[in-house]
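Working notes, structure below.
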Amino acid sequence: MNPLRRAILKGTGAAGTLAVAAAAGLIRPKAVLAAEWNKAAFEAKKVEDVLKTIGVGAPIESADIVIKAPDIAENGAVVPVEVTSKIAGTERIAVIAEKNPFPLTGSFNLGNGAEGYVSFRIKMGQTSNVMALVTAGGKHYVASKEVKVTIGGCGG
């Protein structure tokens, strides 16, 4: 018998057994390991208020933070943003679109030893600076990039 076929059949059988056990209620999921949602930070309407609610005083400009976003976004409703932190021990990456009605677009707490990288899509109402805030070793760092928006995505 082909070893690859044998491995696939074993894996399929195990997965089927787990699915039946879960459907029968024999296996129940444990608590989800998600961080608390900082509602005040996501509802803040000014960048200064966002910084205050997430505990950032005066972040230091850093060339070790790379923001990959389009120079011109054709549609502000879906602007792809990637942030890479080359700072050792990165604990959190937060992304702010300065002129949005609610500037904080995402905040990601990274586990011990996780790669300092996030990729997601944000909404932007108008041309604005996109800021990436990185927390590492109790210090806060920032980098920014201007993204021009031709059609706003935040309504109004």
Taking the residues in the range 113-124 that are more than 19 Å from residue 75 (Cβ to Cβ) and in a loop (DSSP other than H, G, I, E, B) as candidates, determine which candidate is most open to solvent (accessible area, probe 1.4 Å). 115
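Among the residues of the range 125-139, how many are small (Gly, Ala, Ser) and open to solvent by 10 Å² or more (accessible area, probe 1.4 Å)?
Residues in the range 125-139 being small (Gly, Ala, Ser) and open to solvent by 10 Å² or more (accessible area, probe 1.4 Å): 3 in total.
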Suppose we keep only residues that are part of a strand (DSSP E or B) and more than 15 Å from the chain's Cα centre (by Cα) within the range 125-141. Which one would you say is farthest from residue 46 (Cα to Cα)? 136
Positions within the range 67-98 being surrounded by fewer than 22 Cβ atoms within 10 Å (Cβ to Cβ), in a strand (DSSP E or B) and more than 14 Å from the chain's Cα centre (by Cα), in sequence order: 72
Residue 156 versus (1) modelled with pLDDT of 90 or more; (2) surrounded by fewer than 19 Cβ atoms within 10 Å (Cβ to Cβ); (3) among the small types (Gly, Ala, Ser): which is the lone unmet condition? (1)
Would you pick out the residues in the range 99-112 that are hydrophobic (A, V, I, L, M, F, W, C) and either open to solvent by less than 50 Å² (accessible area, probe 1.4 Å) or touching a Gly at 6+ places or on another chain (Cβ under 8 Å) (or both)? 104, 110
Subset of the range 23-52 [open to solvent by 90 Å² or more (accessible area, probe 1.4 Å), at pLDDT 60 or above and in a loop (DSSP other than H, G, I, E, B)]: 26, 28, 36, 37, 45, 46
In the range 39-80, what residues are within 20 Å of residue 119 (Cβ to Cβ) and among the charged types (D, E, K, R)? 64, 68, 71, 74
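Here's the yes/no breakdown for (1) free of Cβ contacts under 8 Å to residues at least 24 places away in the same chain; (2) closer than 20 Å to residue 36 by Cα; (3) touching a strand residue (DSSP E or B) at 6+ places or on another chain (Cβ under 7 Å); (4) among the acidic types (Asp, Glu):
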residue: 81; (1), (2), (3), (4): no, no, yes, no
residue: 96; (1), (2), (3), (4): no, yes, yes, no
residue: 121; (1), (2), (3), (4): no, no, yes, no
residue: 137; (1), (2), (3), (4): no, no, no, no
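The values are calculated or read from the model by the stated rules, or taken from the named source; none is laboratory data. The shown structure was predicted, so the numbers you read here are calculated from the model rather than taken from an experiment. All Cβ positions, even for glycine, are placed from backbone atoms using ideal geometry, and neighbour counts span all protein chains on display. The accessibility values were calculated without ligands, DNA or RNA, using every heavy atom of the protein model including side chains. Shrake-Rupley method; radii C 1.70, N 1.55, O 1.52, S 1.80 Å.
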